[in-house]
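A.B. asks: After the structure tokens below, expect a handful of questions from me.
The values are calculated or read from the model by the stated rules, or taken from the named source; none is laboratory data. Worth saying up front: this structure is predicted, and the values here are computed from it rather than measured. We place every Cβ from the backbone using ideal geometry, glycine too, and count neighbours over all the protein chains shown. The protein model used for the area step is the full one, side chains on, heavy atoms only, and it has no ligands, DNA or RNA in it. Shrake-Rupley method; radii C 1.70, N 1.55, O 1.52, S 1.80 Å.
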Amino acid sequence: MDSESAAARVDVSKPHPARRYDYWLGGKDNFPADRTSADAVAEAFPTVRLAAVENRNFLRRAVTYLAAEAGIRQFLDIGTGLPTAGNVHEIAQGIAPESRIVYVDNDPIVLVHARTLLDSSPEGRTAYLDADLRDPDRILTHPDLVGTLDLTQPVALMLVAVMHFITDDEAPYGLVRQLCEALPSGSYLVMTHATNDHLTDEDLAETKQANKRSGVPFQLRSTAEFRQFFTGFDLIAPGISSVMTWRPEVWRAHPRPEAVSMLAGVARVP
């Protein structure tokens with residue numbers, strides 16, 4: 001893994017979802033183009049930072065469920081983003097130290113920081129792939145994935161806050177299906193996705209313009225459209241819900257769902 005060559009490939013003139021998300025979470029690994037893009041989104045969706053935080057909280061609860069209750073010991077996290085507190089391997093290996101995790105992202109700056117993602121427990125293992133969700137064949141056949149995960153045993157495919165960057169012309173449902181078809185029975189699909197469920201026609205038009213100004217392709221989807229990703233799979237209770245209300249650990253006052261506008265789902269592959 002050559003972090004110096006990766007750093008040389010970082011294009012700071014164009015915004016990237018991983019760095020923009022880092023900005024919303026209060027991180028420091030972002031650049032003016034990322035902050036400008038993020039602020040453009042916030043003009044139409046002022047609570048976007050809250051959405052990012054609640055999305056991260058969901059990831060922690062979902063991994064905890066998978067490792068502690070479902071017995072999953074292998075995780076494929078695509079669209080990883082920059083390392084922050086509570087990475088998948090930290091949560092999973094805190095419960096089951098033997099857990100194995102493969103991270104995937106297409107931003108070279110994530111590769112620069114990937115050593116943090118490779119800080120595995122002695123009993124487990126982690127790997128990082130510099131690859132794109134749009135090329136599932138490269139991901140599934142990559143030597144580092146094959147050497148880390150046993151695809152004859154259940155795997156949790158994590159697609160957290162990433163599929164809304166795949167527009168309809170890029171065959172999003174086909175990409176998810178191809179990845180899931182490579183996993184054995186007993187695997188899980190975990191997804192979150194920004195939704196347009198709570199937007200009026202006027203709000204939706206404004207949001208589309210804001211996303212266009214941000215310079216990052218982005219597509220909101222309804223609950224019905226999101227549910228299609230799980231066709232044929234067994235949704236885990238409570239089914240499709242807001243990221244805030246998927247198996248909350250304790251009761252607390254929540255903002256309105258439209259303030260977060262993020263859907264979540266976890267399903268078992270039969």
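A.B. asks: What is segment 1-141's relative contact order, in percent, from Cα pairs under 8 angstrom and six or more apart in sequence?
C.D. replies: With pairs under 8 Å counted, the relative contact order is 22 percent.
A.B. asks: Using Cα pairs closer than 8 Å and at least 6 residues apart in sequence, work out the relative contact order for the chain, in percent.
C.D. replies: Computed value for the chain: 20 percent relative contact order.
A.B. asks: Nearest 500 deg cm²/dmol is fine: what mean residue ellipticity at 222 nm does the chain get from its DSSP H runs of n ≥ 4 alone, each adding -39,500 (n - 2.57), divided by its residue count?
C.D. replies: Result for the chain: -11000 deg cm²/dmol, rounded to the nearest 500.
A.B. asks: Now for a separate question. 7 Å from Cα along Cα→Cβ at both residue 134 and residue 84: what's the point-to-point distance in nm?
C.D. replies: 2.5
A.B. asks: What's the extension gain from residue 57 to residue 212 if we count 0.36 nm per residue and subtract their Cα-Cα distance?
C.D. replies: Full-extension gain reported as 53.0 nm.
A.B. asks: How much area per residue is accessible in segment 64-154 when the probe is 1.4 Å and only protein heavy atoms are counted (Å²)?
C.D. replies: Accessible surface, normalised per residue, equals 40 Å².
A.B. asks: Over every pair of different alpha-carbon atoms in the chain, take the mean of 1/r and invert it; report that Kirkwood radius in Å.
C.D. replies: So the Kirkwood estimate lands at 18.7 Å.
A.B. asks: Within segment 21-117, list the GluC sites (Glu not before Pro) lying in a DSSP loop whose Cβ has at most 10 other Cβ atoms in a 10 Å radius.
C.D. replies: Loop-located and lightly packed - none at all.
A.B. asks: Could you give the nm distance between label points at residue 235 and residue 169, where each point is 7 Å from its Cα heading toward the beta carbon?
C.D. replies: Label-label distance for residue 235 and residue 169, simple model: 3.1 nm.
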